[in-house]
Amino acid sequence: MGNAVTEALIITNPAAARAAGRGLAAARRLLEGAGYRVAVATSTATGQGEQLARAAAAGGVDVVIAHGGDGTVMDVATGLLGSGRPLGVLPGGTGNVLAGSLAVGRSCAAAAGTILRGVTRTIDLGRLTTASGSRYFAVNCAAGFAARLMAETTQHHKRRFGMAAYLVRAMVMTTDMVRALIRVEVDGTAHEGRAVTVIVANCGHIIPGVLPLAHDIRPDDGVLDVAVLDADSVPGALRLVWRLLQRRPDADPGIVFHRGRQVRVTCEPALMVQADGETLGTTPMSVELVPRALAVFAPAARPQPAAGGRDDA
């Protein structure tokens, strides 16, 4: 990168569910062993990672690395937008959906190896706007059940039980689902109906390797995929999950997909909204694609088979 020594800053969120010091220390040793000069900064609140990353890029740091979950990663990534600096990811959260979707490595040591190989992949982002503000996302944003699940699963339970914390909380929440009357506008075309959740996805998994959303969603395909999910009972909700596990979402009438670059969702009643695990008020929400916005250290994308039967709204 033009300097004899590569300057790197790791921004870590110690509150993340898997942000153990051992993983961070292992990654740091690998980077320093390869000739990097590594500093570590701590982010303890939403927005602090963005500020630290922006200052690091302006100060000439070559590589900025996020250590935490998807919310931390997106916080740091936001500070790098427009800087030309690539983002490194060390998985330290519960789901680590972006890290899993990009195959950067399950452990911090493996992810550090991905950074050292120096290959980057340029991905799209989404930008969510509600009355509470705006936020970028790399994985997805959602209204309704999926947003409540993120908000109501406690940090304590995520640390103790990992992904099982989400699964247990979801089972509890199925007895109190809110079916809203929704209007989803995708690139100007309106779709109306009832739903318990609407997910605007940039990545194809809800839980990498466990719960897919759809096989043909990629973070660099130039579109956002909108999944509208509806169920009127606990068995209906379990059926939706089963269809996703089967990788047959199109076989269920309670799962409808649309695809586009501009999305607006209105609901009655209003539903909670989140982006990459961070809540952002309630609907109505507007979402726009930000194409090729972020370079991330990751293996090159594998070719995808042609998709059939999807709704390109």
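Nothing in this text is a laboratory measurement; each read-out follows from the coordinates by a stated rule. Quick caveat, the model's predicted, so the values are computed rather than measured. Using ideal geometry, Cβ is built from the backbone for each residue, glycine included, and neighbour counts are taken over all protein chains shown.
Relative to the current alpha-carbon distance between Arg194 and Ala251, full extension at 0.36 nm per residue lengthens the span by 18.7 nm.
Distance between the 7 Å Cα→Cβ label points at Ser286 and Val241: 3.6 nm. Here the residues Glu268, Glu288, ranked from fewest to most Cβ neighbours within 10 Å of their Cβ, fall in the order Glu268, Glu288. In terms of surrounding Cβ atoms within a 10 Å radius of their Cβ, Thr114, Thr72, Thr12 rank from fewest to most as Thr114, Thr12, Thr72. Return, ordered by residue number, the residues of segment 68-93 whose backbone nitrogen is under 18 Å from a label point located 7 Å along Cα→Cβ of Val119. Residues 86-90 fall inside that zone.
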